[in-house]
1. Considering all alpha-carbon pairs of region A:162-304, what whole percent are spaced by more than 20 angstrom?
2. Would you give the gap between the C-alpha center of region A:64-98 and the C-alpha center of region A:108-128, rounded to a whole Å?
3. To the nearest Å, what is the center-to-center distance of region B:164-185 and region A:346-408, using C-alpha atoms only?
4. Under 8 Å for C-alpha pairs, at least 6 residues apart: give me the relative contact order for region B:73-138, rounded to a whole percent.
5. Express the relative contact order of region A:267-351 as a whole percentage, based on alpha carbon pairs under 8 Å and six or more residues apart in sequence.
6. Output the peptides B:78-88, A:245-255 sorted from most to least packed, where packing is the average of other Cβ atoms within 10 Å over each peptide's residues.
7. Within 10 Å of each Cβ in peptide A:124-136, how many partner chain Cβ atoms are there on average? Round it to a whole number, please.
8. Cut-off under 17 Å on the C-alpha distance; same-chain residues fewer than 8 positions from A:Lys277 excluded. Which lysines are left, in chain and number order?
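Derivation of every value follows stated rules applied to the coordinates shown; laboratory data play no part. None of these values were measured; they are calculated from a predicted model. As a convention, Cβ positions derive from the backbone with ideal geometry for all residues, glycine included, and neighbour counts pool all protein chains shown.
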Amino acid sequence: MKWLISFALPLLVLTGCAGATYNVAESMRKGGYKQVLEDTRNIEEFPERDQTLILNWRAHAKMGLGYQESARNDYLRAWNMMNNSAGGNVAAAYAWNEKSKYYMGEPYERMMNSYYLGLLYYMHKKPEDAMACFRNALFVDTGDLEANEYSADFVPNMIMRSRVYMDRGDEDGMKTQLEELARLPHDERNFDSNCPWFTVQAQKDANTLIWVELGWGPYMTAEGRHGEVRVIREAEYSERYAEVFVDGQSLGRTYKLGDTYFQATTRGGRPMDEYLKAKGIAKDVTTVAGAAAIGVGIELARSGNETAGAITAGVGVGLLLYGLLSSAEADTRCNVLLPGQIHLMMANVPPGKHEVEVRYFDSNSREIGNMRQRALPLLVPERGDGMLVVRSDPHYKIPLNEKERAENPYAKSPKLR
Amino acid sequence: MTKTSILTLFVLLFLGVSVTACGNESTRVDPKDDEEDPIQSSGPYSSDLIEVTNEVVAQFKKKKISENFRARYNDAPIIAVIRPQNDTRFPEVTQIFQENLVAELLDRTERTEVRFSQRDSDVQAEIAKEKEAKETGDRTDRTGRRTKLGADYFLKAKFSTLSVTDGEYESDTILYTFELIDTETDELVFKGKHLIKRVSEKSAVYR
């Protein structure tokens, strides 16, 4: 019996590593972004395999609370893991549980991380670092082009690249980027092709971008007998578009330019999906074979072949334990704090300080009253763009000034350790 | 030793290794040696920073930029470093490369050979404030009004990349260029370049 425990213990340690460690959705329900910020203060307390995902969540929480500089640092830390690292726990992911591997994100999650990092660099007057991030977002959203695989089709990224080209004074670059945008298939699930800001002139005329994010991004479920089938689900939310007001005057309704569910579901399957299906079958086979071998071993021992019986039963126990303890369940960790849709309002606004109001509407064009955001501060510079990123959350905070933007999120919270 | 003891020892060893593997470690490594770097990126490494800087400084000296200018004007040329252009997919790259190159150029040349004008916007704002304070008498001033340096040349860094992937491998060819532009004629006086290609592999669990 003791040796059975000796075998089982390491297996339990390995498989015990694989569970979810932080329920961000629950924290959001409990206390919103503040709760997430509080819970994730010490990233090192979480298992290494989840830290990159938690860094992304914390970055979203910081952005939602107006701590943009600190959010940028988190996105960058996560960016380095998602783009410069080879991951980790790969063998355990194959042998025991896919969730054992270090999270590095699906292509759409890597793209969104780069996109947000780029937005923050752009807002913080680092357009060249922003350009690199937008380029990386295009790269990770692109498959093997020689094999005629997926090409990048995330429009907000293309618009932001156009803005950097304009900031550089590179009209040819901007034109080339907008031509690439014009070649995208007009698929309403991805973006609204009636958007009036896809021309060079419209880009040159505008000096203000208000990105309005609606709802929640996709989540994943593990389905099938062993949970080996990973299904991407669309989150439910009622907001469908927004209307933007600057200093009390309506600029009109926003245009949808991006959809994270569309991005998540248009990159085909992964090699791991086939592997997990095979592993589910192997799990059944090893469990049955293990049980059978134990039975044979016992019979051998009874008939006087004690050594052969012990070896056969031992192998049986090993197979049985592997069958019972290994998991064919798909990794369903994903960035559920991403928005569902990304909308844009572009305009030419006189330089100076302004107040923005955003109203949200459902599919029946009825305003969702409790979501209205008032007096959001907008600063339009003499040269360059005024830019806001807002979310359909009345508590979403825009920093009032440089000082607020650069504040340490943990400086004023004695409750936090 | 009994079978149980051997197995118990095995379990303890296993747990020991597992715990050790979980610890955070940091080791100081030679920036010139990227082979020791555990990071598996196809992007720029610290060794590139050194290699590119050495290459460009050597090219700059070989072209005798300073000697030619001094022979013509009997004065050291003034170089202003302007906004670099990052067309790679790696953020935070241009600044460190540019800072390193300028520091090396300043270190390896005399002020009588080349002079540099600091054009960073934050420094420019501080200089403007300081000059205003001197004008109003709030701060002391040396005799004679001095003005900001007008550049003879702009030094511009431009980093471009060709990035491709087949899902299994990611390949990045990064071209680092530094160009010196005559501010009177827009003539491209000098262009130093260095090309580095790297390939990294992704495990199938991440595809």
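1. The proportion of pairs with Cα distances above 20 Å equals 69 percent.
2. Centre-to-centre distance over Cα atoms comes out at 15 Å.
3. 37 Å
4. 47 percent
5. That works out to 32 percent.
6. For the peptides B:78-88, A:245-255, the packing ranking is B:78-88, A:245-255.
7. What the average comes to for A:124-136 is 6.
8. Output for A:Lys277: A:Lys99.
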